[in-house]
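Nothing in this text is a laboratory measurement; each read-out follows from the coordinates by a stated rule. This structure is a prediction, so every number in the text was calculated from the model and none was measured. Reconstructed Cβ throughout: ideal geometry from the backbone, glycine too, with neighbour counts over all protein chains shown.
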Amino acid sequence: MSPALQAIRGMNDILPADAELWEQFEETVRDWLAAYGYRPIRMPLVEPTALFVRAIGEVTDIVEKEMYSFEDALNGEQLTLRPEGTASCVRAVAQHNLLYDGPKKLWYMGPMFRHERPQKGRYRQFHQVGVEALGIPGPDVDAEQIAMCARLWDDLGLTGIRLEINSLGQSDERARHRADLIAYFERHQALLDADAQRRLHTNPLRILDSKNPAMQSLVAEAPQLISYLGEESLKHFEGVQQLLKDVAIPYSINPRLVRGLDYYNLTVFEWMTDQLGAQGTVCAGGRYDGLVAQLGGRPAPACGFAMGIERLLALWQDQGHRHEVPVVDAYLVHQGEAAGRFAFRIAEALRSGGFSVHLHCGGGSFKSQMKRADASGAAVALIVGADETAANEVSIKPLREGFEQPATQLRVAFDELADTLGDLIFPMEDDNGSL
Ligand code: ATP
Ligand code: MG
């Protein structure tokens, strides 16, 4: 036998029990987004490498060391598995001139790829829900996006996720801050780690984003961008805060929140929890007014966020929630060739009637088939042997407690099966009820 093949480290299978949880989460997410008027968009998983370099910025963790990039063996194009969705979404909006008739509120969900060190809450293929509002200057939409997140935590029953916000101002304000920041770090050059040394003159703001504990006090004392903001930027920031106060969403201002990507300006925010260890940020976003033009579109303001599905679901489970395990209405067991053909017809007829049916396939004794039926969680077992087949009838055995009928076996004509089954499984619904 050849050695078993394994999935790539950090790229996980989502097995059925978890995949069902994911589907329920996705359903909640779809309803939530529809309630805010956001529409879906789907972009390719692979894009030209240049898109991410231009959008995210050359001196960022993602572009410097996390991208899965490769050359197309057929035509030599430089390609990258998307590490995030905003760049692709903005590229699509610009390419198709989607803003020609006004602003757009868009969302997507799917896998992202980053070559990081796999650990709890940090994977190489992970999944995000991304939400982008394009063509709206804010601060209304910024605050609405933050309020949206708060509502989703509520919808999911999640608690203990706190909100931090900050403003990155505009580029001229950042330029003045940047000059002072470089001067400050130069005065303390001996305390900088290798990453910070390298970024000192290319991207000093990123040093503030450092996760190195040894640099935390240096970073804490650094000049704060917020004190460089002009009147307009402050007004925008205060506008966001006012709306958050109006709907009673608690937040704290973190002047060191700068985000690890280059495209942000004005509002930035992160939602985090202390319950997931080091990987505590479950959602992050902000305004990126320059990006649409930077990627070749007509200039348009924009604001968005992305949440990490693995981290949210881990938190959801850690907080004691369990998803509903879907089960079929009926498990159909049968024996003999004629009975097998009859069972096949019964199963199809019931599905046409709106029931979910697990038709036992692959043969086996009645006893072993009934074991499967029990384990399936189905409400009833339907039994078809030679007797039933000859009489054009089906036996019904309730498998769960709580039915109105006594838990004994019934036998009904094929024509009456759907009605009997309906009364048995959904006793509260009348004949007009949806099956
Ligand atoms: P971190 O600081 O944890 O590396 P980030 O700033 O790189 O996060 P973003 O690019 O803002 O993350 O992505 C938004 C969200 O996607 C994060 O808040 C997190 O929940 C999730 N996320 C990012 N990278 C990963 C990963 N490698 N594995 C799992 N989830 C991730
Ligand atoms: Mg990261």
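Please return the longest range in the chain lying between exposed loop sites, taking trypsin sites (Lys or Arg not before Pro), DSSP loop only, at most 14 other beta-carbon atoms within 10 Å, and leaving the sites out.
212-321
Quick one: work out the % antiparallel among DSSP beta bridges in the chain, nearest 5.
80 percent
So which GluC sites (Glu not before Pro) in region 241-340 are both in a DSSP loop and have at most 15 other Cβ atoms within 10 Å of their Cβ?
Glu324
Given 0.36 nm per residue, what is the gain on full extension from Asp318 to Asp155 after removing their alpha carbon distance, in nm?
My answer for the length gained is 57.0 nm.
Select from Cys283, Cys361, Cys89 the residue whose mean-square fluctuation is largest in a Gaussian network model of the chain (Cα-Cα springs shorter than 10 Å).
Cys361
Hey, what number do you get for the chain at 222 nm if only DSSP H runs of n ≥ 4 count, each worth -39500 (n - 2.57), divided across all residues, to the nearest 500?
After summing the helix terms and dividing by the residues of the chain, the value is -11000 deg cm²/dmol.
Which angle from 0 to 90°, rounded to the nearest 10, does the C-alpha axis of helix 309-318 make with the longest principal axis of the chain?
70 degrees
For Glu64 and Glu401, what does the FRET efficiency come to when R0 = 51 Å and r is the distance between their Cβ atoms, rounded to the nearest 0.05?
Step by step, r from the Cβ atoms, then E = 0.30.
Which of the GluC sites (Glu not before Pro) found in region 26-68 are in a DSSP loop and have at most 15 neighbouring Cβ atoms, other than their own, within 10 Å?
Glu58
Using the Cα centre of the chain as origin and beta-carbon charges of +1 (Lys, Arg) and -1 (Asp, Glu), tell me which of Leu181, Leu51, Ala381 is placed farthest towards the positive end of the dipole.
Leu181
For helix 86-95, what angle does its Cα long axis make with the longest principal axis of the chain, in degrees from 0 to 90 and rounded to 10?
With rounding to tens, the tilt is 90 degrees.
Among DSSP beta bridges whose residues both lie in region 330-425, state the antiparallel percentage, nearest 5.
Once the DSSP bridges in region 330-425 are tallied, antiparallel ones form about 50 percent.
Using only C-alpha positions, report the orientation-averaged shadow area of the convex hull of the chain, nm², one decimal.
Mean projected area of the Cα convex hull: 29.3 nm².
With a cut-off of 15 Å, note down the residues of region 203-227 whose backbone N falls inside the zone around a label point 7 Å from the Cα of Arg162 toward its beta carbon.
Inside the label zone: nothing.
To the nearest 10 degrees, how steeply does helix 16-35 sit against the main Cα axis of the chain, on a 0 to 90 scale?
With rounding to tens, the tilt is 60 degrees.
Which of the lysines could be linked to Lys397 by a straight reach, that is with a Cα gap under 20 Å, when you skip same-chain ones fewer than 8 residues away?
In chain and number order, the partners are Lys367, Lys371.
Could you give the size of the charge dipole of region 330-425 about its Cα centre, using +1 on the Cβ of each K and R and -1 on the Cβ of each D and E, expressed in debye and rounded to the nearest 20?
Charge dipole of region 330-425: 440 debye, to the nearest 20.
Cross-link candidates for Lys65: which aspartates and glutamates have Cα within less than 20 Å, leaving aside residues fewer than 8 places away along the same chain?
Those aspartates and glutamates meeting the cut-off are Glu47, Glu77, Glu84, Glu116, Asp193, Asp195, Asp209, Asp262.
From a point 7 Å beyond the Cα of Val247 in the direction of its Cβ, which residues of region 124-158 have a backbone N at a distance under 16 Å?
Inside the label zone: 131-133, 138-156.
If the cut-off is a Cα-Cα distance under 16 Å, which lysines reach Lys235, setting aside same-chain residues fewer than 8 apart in sequence?
Excluding near neighbours in sequence, the set is Lys245.
How big is the charge dipole of region 1-127 about its Cα centre, in debye rounded to the nearest 20, if each Lys and Arg gets +1 on its Cβ and each Asp and Glu gets -1 on its Cβ?
240 debye
Report, largest value first, the span of the C-alpha coordinates of region 330-425 along each principal axis, in whole Å.
So the extents along the principal axes, rounded to whole Å, are 34, 27, 22.
Identify, among Gln216, Ser233, Ser88, the residue whose Cα sits farthest towards the positive end of the charge dipole of the chain, taking +1 on the Cβ of Lys and Arg and -1 on the Cβ of Asp and Glu, with the dipole about the Cα centre.
The Cα lying farthest towards the positive end belongs to Gln216.
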